[in-house]
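Visitor: Pasting in a structure now, in structure tokens, and then I'll have a few things to ask.
Just so it is clear, none of the values below were taken in a lab; they were calculated from the coordinates. Since this is a predicted model, take the numbers as computed values, not measurements. Every residue, glycine among them, receives a Cβ derived from its backbone with ideal geometry; neighbour counts consider all protein chains shown.
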Amino acid sequence: MRIADVRTFVVGNPPPHFGGRYWIFLKLTTDGGVAGYGEVYSVPFHPHVVARMIEDVCVRHVLGRDPFQIERLWRVVYSSGYTQRPDPSLLGILSGIEMACWDIVGKELNRPAYDLLGGRVRETLRSYTYLYPQPGDQVNVYHDPDLAAQRAAEYVALGFTAVKFDPTGPYSAFDPRQLSPEMLDHTERFVRTVREAVGGRCDLLVGTHGQMTPAGALRLARRLEAYDPLWLEEPVPPESPEAMATVARGTTIPIATGERLTTKYEFARVLQQGAAAILQPALGRAGGLLEGKKIAALAEAHYAQIAPHLYCGPIAAAADIQLAACIPNFLIQESILTWDGFHAEILKAPLRWEAGQILLPTAPGLGVELNETVAEQNPYTGTLLHLEMLDRPA
């Protein structure tokens, strides 16, 4: 068996854009006609440029190769152009390719990928979601504590046992910074109001995006400890696990990080420094399923847990689910609400969610199939990237 063809799909995610402005999918097809799908997460170039990058990597290193030789293929692509380091652009492309290979292998063997990565250790997966706006909102749920509390209670009624929100304001190219007194007060009120609305029925996940210095993060953490969040996410930028470890040592709130990290090498530094108790690899960037399994094994040896990050499309979500099913130190999986709307339409059969739990797929490979007709009918025509940072100090 050899990989014979590659095709890319740059899909515009219609309003309300939950999960990002666009998604980048790829399809590898073997000489026997078996197709595997992958997803590339948030490479910092226009997605049509990324599609050409995917094709270039595949022509150089993937076409004509055996999709079963995932470890070998990973090392060859990782070392492409004498990089051999955790480059997020190349790793995003490699992640999508690696996912597609697992999809092919699973289909060829007629087994879900989790069965080939050690076998499932649980029947369902606990999930959480962001608090999202709804049509008819009179204020912004991202900024208004009272509406956020109302929305959190609505999600708990659906079955969610954890919700996430980002109350600390915009993230800037000029971070980290000290939060203003007004923002410290606002964030504390936000967390307190949501906690009062949900009580002990729901974990609170406080998301930040590296906005703070270690000293600033500790000032905030001291205010939030009384409300017992499950985690404080990426309180400082991800480039210095030593700085993040300063925060981890100074608060009782577990620190979570990983959405901007790639490979076992970067996650190993986090663990070696004691910088986080919860790792959040995004499998569309971190290196794919097998690399995710290695990251989880490193975390297991440090008694750290895995909460896969997800702010993209449902192919990467399917890969997250396959990994989460077969690791003993899984904590919780990020979902985009209940994966309805366009997240369901872009698949031939949607991901299954019920009462706060993700139901494991039993189909082979990643367990999902891209609806290529829907993908082709929704091309991305914008100019903005998946995520954009404020280009001035906040």
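Visitor: Count, please, the residues in the stretch 338-383 that happen to be under 29 Å from Leu131 (Cβ atoms) and among the basic types (Lys, Arg).
Guide: Number satisfying all stated conditions: 1.
Visitor: Which of the residues that make up the stretch 340-371 are more than 30 Å from Thr208 (Cβ to Cβ), in contact with a Lys or Arg (Cβ under 8 Å, 6 or more places away or on another chain) and of a type outside the set (A, V, I, L, M)?
Guide: Pro361, Pro364, Gly365, Glu369, Asn371
Visitor: Considering only the stretch 132-156, how many residues are surrounded by fewer than 21 Cβ atoms within 10 Å (Cβ to Cβ), in contact (Cβ under 8 Å) with a residue 24 or more places away in the chain and in contact with a strand residue (DSSP E or B) (Cβ under 9 Å, 6 or more places away or on another chain)?
Guide: 2
Visitor: Restricting to the stretch 293-316, name every residue that is out of contact with any strand residue (DSSP E or B) (no Cβ under 8 Å at 6 or more places or on another chain) and within 28 Å of Val10 (Cα to Cα).
Guide: If the condition is that a residue be out of contact with any strand residue (DSSP E or B) (no Cβ under 8 Å at 6 or more places or on another chain) and within 28 Å of Val10 (Cα to Cα), then Lys293 is the only one that fits.
Visitor: Determine which single condition Thr168 fails, assuming it passes every other condition in (1) more than 25 Å from Arg392 (Cβ to Cβ); (2) surrounded by 20 or more Cβ atoms within 10 Å (Cβ to Cβ); (3) in contact with a helix residue (DSSP H, G or I) (Cβ under 8 Å, 6 or more places away or on another chain).
Guide: Unmet for Thr168, out of (1) more than 25 Å from Arg392 (Cβ to Cβ); (2) surrounded by 20 or more Cβ atoms within 10 Å (Cβ to Cβ); (3) in contact with a helix residue (DSSP H, G or I) (Cβ under 8 Å, 6 or more places away or on another chain): (1).
Visitor: Within 17 Å of Ala296 (Cβ to Cβ), in contact (Cβ under 8 Å) with a residue 12 or more places away in the chain, surrounded by fewer than 20 Cβ atoms within 10 Å (Cβ to Cβ) and hydrophobic (A, V, I, L, M, F, W, C): is that true of Leu360 in this structure?
Guide: When the stated conditions are applied, Leu360 passes them.
Visitor: On the given criteria, is Pro235 within 19 Å of the chain's Cα centre (by Cα), outside any helix (DSSP H, G or I) and over 23 Å from Ser89 (Cα atoms)?
Guide: yes
Visitor: Could you tell me which of the residues Glu334, Glu354, Glu345 is within 19 Å of Leu283 (Cβ to Cβ) and charged (D, E, K, R)?
Guide: None of the other options fit; the residue is Glu334.
Visitor: Moving on to the next point. Among the numbered conditions (1) in a loop (DSSP other than H, G, I, E, B); (2) touching a strand residue (DSSP E or B) at 6+ places or on another chain (Cβ under 7 Å), tell me where Ala349 comes up short.
Guide: (2)
Visitor: Restricting to the stretch 127-151, what's the tally of residues that are of a type in the set (A, V, I, L, M, F, W, C) and part of a loop (DSSP other than H, G, I, E, B)?
Guide: So the count comes out to 3.
Visitor: Also, I was wondering about something else. Would you pick out the residues in the stretch 58-69 that are of a type in the set (A, V, I, L, M, F, W, C) and surrounded by 20 or more Cβ atoms within 10 Å (Cβ to Cβ)?
Guide: Result: Cys58, Val62.
Visitor: Return the residue satisfying two criteria in turn: it lies in the stretch 86-100 and is over 25 Å from Ile336 (Cβ atoms) and touching a residue at least 60 places away in the same chain (Cβ under 8 Å), and of such residues it is surrounded by the fewest Cβ atoms within 10 Å (Cβ to Cβ).
Guide: Only one residue fits best here, namely Asp87.
Visitor: Turning to a different aspect of this structure: State whether one or more residues within the stretch 253-271 are among the acidic types (Asp, Glu), closer than 17 Å to Lys164 by Cα and surrounded by fewer than 22 Cβ atoms within 10 Å (Cβ to Cβ).
Guide: Checking the stretch 253-271: not a single residue is among the acidic types (Asp, Glu), closer than 17 Å to Lys164 by Cα and surrounded by fewer than 22 Cβ atoms within 10 Å (Cβ to Cβ).
Visitor: Hey, another quick one. Only helices (runs of 4 or more DSSP H) wholly contained in the stretch 240-343 count here; list those with 2 or more residues that are touching a Ser or Thr at 6+ places or on another chain (Cβ under 7 Å).
Guide: By residue number, 283-286.
Visitor: Among Gly36, Gly19, which is the only one that is touching a Gly at 6+ places or on another chain (Cβ under 7 Å) and either under 19 Å from Leu290 (Cβ atoms) or part of a helix (DSSP H, G or I) (or both)?
Guide: Just a single option satisfies the conditions, and that option is Gly36.
Visitor: Only one residue in Arg269, Arg285 is touching a Gly at 6+ places or on another chain (Cβ under 6 Å) and more than 22 Å from Gly119 (Cα to Cα), so which one is that?
Guide: Arg285
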